[in-house]
1. Is it the case that some residue within the stretch 14-24 is farther than 24 Å from Arg275 by Cβ, under 22 Å from the mean Cα position of the chain (by Cα) and modelled with pLDDT under 95?
2. With the stretch 133-244 as the region, which strands (runs of 3 or more DSSP E) entirely inside it contain at least 2 residues that are in contact with a Phe, Trp or Tyr (Cβ under 7 Å, 6 or more places away or on another chain) and either under 24 Å from Glu286 (Cα atoms) or of a type in the set (Lys, Arg) (or both)?
3. Which one of the conditions (1) under 17 Å from Leu120 (Cα atoms); (2) in contact with a Leu (Cβ under 9 Å, 6 or more places away or on another chain); (3) at pLDDT below 95; (4) not basic (Lys, Arg) does Leu180 fail to meet, given that it meets all the rest?
4. Where residues in the stretch 292-316 are surrounded by fewer than 17 Cβ atoms within 10 Å (Cβ to Cβ) and charged (D, E, K, R), which of them is farthest from Ile26 (Cα to Cα)?
5. When the residues of the stretch 256-289 are filtered to those that are under 19 Å from Arg129 (Cβ atoms) and out of contact with any strand residue (DSSP E or B) (no Cβ under 7 Å at 6 or more places or on another chain), which remaining residue is surrounded by the fewest Cβ atoms within 10 Å (Cβ to Cβ)?
6. When the stretch 9-63 is examined, which residues are found to be part of a loop (DSSP other than H, G, I, E, B), crowded, with 18+ Cβ neighbours inside 10 Å and in contact with a His (Cβ under 6 Å, 6 or more places away or on another chain)?
7. How many residues are touching a helix residue (DSSP H, G or I) at 6+ places or on another chain (Cβ under 6 Å), in a helix (DSSP H, G or I) and surrounded by fewer than 23 Cβ atoms within 10 Å (Cβ to Cβ) if we restrict to the stretch 97-132?
8. Give the number of residues within the stretch 317-330 that are buried (at least 17 other Cβ atoms within 10 Å of the Cβ) and either among the polar types (S, T, N, Q) or on the phi > 0 side of the Ramachandran plot (or both).
Amino acid sequence: MRTGEKTPPGVLALPTGAAGTSNETIAAGVRAWAGSAPLRALVGHFGGDWPDGELAAVLAALDAFSARHWDFRGGRERPDAREPAFDPATARLVLATAAALGMVRPAAPARSEYAHLVVLGGLAHACQRRVAYAAWLLRAGIRVTGEVAVLGSFRPLSEEECRSLNTVGVAPCDTEVAALDAAVRREFGVAAPVEDDGRDAGHPHHSWSSRTYRPVDRPPVRVLAAPSSDPARRRAHTADTQRFWAEHVRLRAGDPVLVVTAPIYVPFQHCDALRTLAVPYGCAIETVGVDPALPDLAGLPEPALTPGRYLQEIRSAIRSMRALHTALGDS
């Protein structure tokens, strides 16, 4: 397996996930990304003045600005977000900014060995691609000394997601974790878990499950569905799943953890992982996006990524940076 740079040339570095990094250094990474020239130009293009003050005030102002101009979900799930109409110049600027912020080009893992490989759930088609990519990484020579953790929730799938699974020959699934479980069985060649635990609380926001498979000549694979930390208001989100997994595995200070998602989500999910895993446990975090050029993923197509979707996830990254900075305290 040929490893590569974590940050491709021309792409802004994310806050470091190196083990033992001080809060001050992580905060400096947040400041560099959030105050970067590409983001400043994007805010200006949408009529905003760059906020003054300390980093906390800047992040709060960017959060509020992005809520006014780049929130197309309005509390809905991602597939239900509206797609705005932009003139060609605006569309080009959005795509160029997303590329500079590290949301377009995938980077290869920088190591050949990790303590754990964490696959983040998402929409049904994304679940299939990310699990397939994780299996490919292991076949390509990445060594995992602990476990492969596949993280999701009992979020019900939409009709569109169910149709997307049907087009790639996946048996019907009704929840995100069921889609992840189906992908694990297919990609790792396993039929039944060796451990199966959980709690059916009668509501997806409260329920949880944990299934562990043991593929031949591969590390154990755990498929985990997390409960929500705020069940009265929402389903479990990325940070909930990462926290819940950390409670089920023995994370040690210095453990290198590789997180797999889609390139568009790398900035926000990397910062979530720093906040929920690196800061409290002292482990190292590296976050990579699935490489869409791999022939192994040819049968698992990705929906088109539009300027509206990129803006929505730039907002997600800003909010995750803000939450990370808050968790760092006075750094």
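1. Taking the stretch 14-24 first, the residues farther than 24 Å from Arg275 by Cβ are none.
No.
2. Correct list: 148-152, 221-225.
3. Result: Leu180 passes all but (3).
4. Asp296
5. Tyr265
6. Correct list: Leu14 only.
7. 3
8. 1
The values are calculated or read from the model by the stated rules, or taken from the named source; none is laboratory data. Treat the numbers as computed from the prediction; the structure is a model and nothing was measured. Neighbour counts run over all protein chains shown; Cβ positions are idealised from the backbone, glycine included.
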